[in-house]
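Below is one structure; the comments refer to it alone.
The values are calculated or read from the model by the stated rules, or taken from the named source; none is laboratory data. The shown structure was predicted, so the numbers you read here are calculated from the model rather than taken from an experiment. A quick note on method: Cβ atoms are made from the backbone with ideal geometry, for glycine too, and the neighbour counts reach across all protein chains shown. All accessible areas refer to the heavy atoms of the entire protein, side chains included, with ligands and DNA or RNA removed. Shrake-Rupley method; radii C 1.70, N 1.55, O 1.52, S 1.80 Å.
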Amino acid sequence: HGRSCIVAAAISPPMILSASAITKSFAGVRALRGVSFDVRPGEVHALVGENGAGKSTLIKISTGAETPDSGEITVHGQAVTAMDPSRSRSLGIAAIYQQPSLFPDLTVAENIAMALETGGPWRRLDWSRRASRAAELLQRIGATIDPARLVETLSMPEQQIVEIAKAIGADAKMVIMDEPTASLTEREVERLFRVIAILKTHGVGIVYISHRLEEVFVLADRVTVLRDGAYVATRDVADVSADDLVNM
């Protein structure tokens, strides 16, 4: 039994991201108090807690938007000493918020290209390549959005899908979704869930933040509970009930 455990540990891939004993204060108010959290490849890890529990602060630290006062962050098993948004993106971490950060006057293809292309302002633009690349990324997540459409004509869930396509094009290994279903209809939620299932099959880790506990039980493999800036517990979703989560 001991030998088989050693073999399993040897072949298990490292966590995509692991945050250990993270603390953060703002103007003397402790937002996080020794919080730990990790994400495995190909899982949905739900992050739940009431408003003010520390979820947003933990996500900002994971994406480099905020710097922790203490604690350690590792990505793919390597310690990251100075996380910033650029470093976070280069390490394969992407965040999709309730309000997508797209340019409404540009097409879907142009928005995706701006996120993925490098080079100076005088580089030659390959418009057909832009369109085909956007179509390929959208197809990979089962979307049928025309790359030539202006973003201002897209619904909110369609804009979220474009953000996910951008993340996949940037080779994201971990995608953070912050209350993604807050303004969606039931049919739109079902479509988003199908996209999440596709991401899982590609080994992408999903951090799913939601106040809707029923979604946690439909989507998540694990769930972590925060309360008043403190870590409460991490559980396999199969081992907890809705009452357990509410009590935690």
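Sequence-ordered 3J(HN,Hα) estimates for region 221-234 from the Karplus curve with 6.51, -1.76 and 1.60 and θ = phi - 60° stand at 8, 10, 9, 10, 10, 10, 8, 6, x, 10, 6, 9, 5, 10 Hz, glycine and proline given as x.
Taking a ≥ b ≥ c as the square roots of the eigenvalues of the Cα gyration tensor, region 153-248 is prolate, since a/c reaches 1.5 or more and a/b is larger than b/c. Dipole magnitude for the chain: computed about the Cα centre from +1 point charges on Lys and Arg Cβ and -1 point charges on Asp and Glu Cβ, it is near 720 debye. Cross-link reach is defined here as a Cα-Cα straight distance under 15 Å, omitting same-chain residues fewer than 8 places apart; for residue 24 the aspartates and glutamates meeting it are 66, 69, 72, 228. A crude spin-label estimate for the pair residue 33 and residue 76, with each label 7 Å from Cα along the Cβ direction, gives 3.6 nm.
Under the convention that each Lys and Arg Cβ holds +1 and each Asp and Glu Cβ holds -1, the size of the dipole of region 116-240 around its Cα centre is about 560 debye. Given region 16-109 reduced to its alpha-carbon atoms as identical point scatterers, what log10 I(q)/I(0) does the Debye formula return at q = 0.18 Å⁻¹? Treating every Cα as an identical point scatterer, log10 I(q)/I(0) equals -0.87.
Its Cα centre serving as origin, region 151-200 has a Cβ charge dipole (Lys and Arg +1, Asp and Glu -1) of approximately 280 debye. Sorting 173, 24 by accessible area puts them as 173, 24; the probe is 1.4 Å, largest comes first, and only protein heavy atoms count. Across the options 35, 234, 204, the greatest Cα extent toward the positive end of the charge dipole of the chain (unit charges at beta carbon of Lys, Arg, Asp, Glu) belongs to 204.
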